[in-house]
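Here's the structure, in structure tokens; my notes come after.
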Amino acid sequence: MKKIILSLLVVFASLLANAQIEKPVTWTFTAKKISATEYELHMTASMQNKWHIYSQEIKGDGPVPTSINFDKNPLVKLVGNVAELGKVVKEYSKVFSMNLSYFANKVDFVQKITLKSALNTIAKGKVTFMTCNDEKCLAPTNIPFSIKINAKS
């Protein structure tokens, strides 16, 4: 009987713990065709109210900057750096004792690419980001992604 009660308590505790996991940022990943061989890869973050993620340009010992890393693909050539499209907020953070740049509500990270062949392919990689609100920050998160590139459409 003790084992049954203990098992039920463990199950209840794990359900309660899972219910408290916060995920204030959702990501979408898409490809936009620009020309026969040029595309834009869009990694778009949408944040819940009062949450934000940091720019790629954070330097020093502050929060973890957003970073986007692509797996090597012989059919894909990255062109330039990842651009940040969104309303950037720049302000001094008392918590981190430094000037910071971040995005609230929504930001679109865009990487231009050129295909080396007219074959369909997939761009894979991961986004690393840290999200905070006025009260707390969550641990940095890694989100793997896979973007289909339909070269023949």
Report task. Among the residues of the stretch 55-107, count how many are under 30 Å from THR121 (Cα atoms) and of a type in the set (Ser, Thr, Tyr). Result -> 3
Requested in this report: Output yes when any residue across the stretch 78-97 is acidic (Asp, Glu) and either touching a Lys or Arg at 6+ places or on another chain (Cβ under 9 Å) or modelled with pLDDT under 90 (or both), and no when none is.
Outcome: no
Query raised in the report: Can you tell me which residue in the stretch 34-62 is surrounded by the fewest Cβ atoms within 10 Å (Cβ to Cβ), limited to those that are touching a Phe, Trp or Tyr at 6+ places or on another chain (Cβ under 9 Å), modelled with pLDDT under 95 and not small (Gly, Ala, Ser)?
Result: ASP61
Report summary line: Contact list, first residue from the stretch 66-83 and in contact (Cβ under 8 Å) with a residue 12 or more places away in the chain and basic (Lys, Arg), second anywhere and in a strand (DSSP E or B) and surrounded by fewer than 17 Cβ atoms within 10 Å (Cβ to Cβ), beta-carbon distance below 7 Å, six or more apart or interchain, is LYS77/THR114
Requested in this report: Working only within the stretch 111-144, note down all residues that are in a strand (DSSP E or B), hydrophobic (A, V, I, L, M, F, W, C), out of contact with any Pro (no Cβ under 7 Å at 6 or more places or on another chain) and surrounded by fewer than 17 Cβ atoms within 10 Å (Cβ to Cβ).
Outcome: ILE122, ILE143
Query raised in the report: Could you list, in sequence order, the residues of the stretch 108-153 that are over 11 Å from MET43 (Cβ atoms) and among the basic types (Lys, Arg)?
Result: LYS112, LYS116, LYS124, LYS136, LYS148, LYS152
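The values are calculated or read from the model by the stated rules, or taken from the named source; none is laboratory data. For clarity, every value in this text was computed on a predicted model and none was experimentally measured. When we count neighbours, we look across all protein chains shown, and the Cβ atoms used for this are built from the backbone with ideal geometry, even at glycine.
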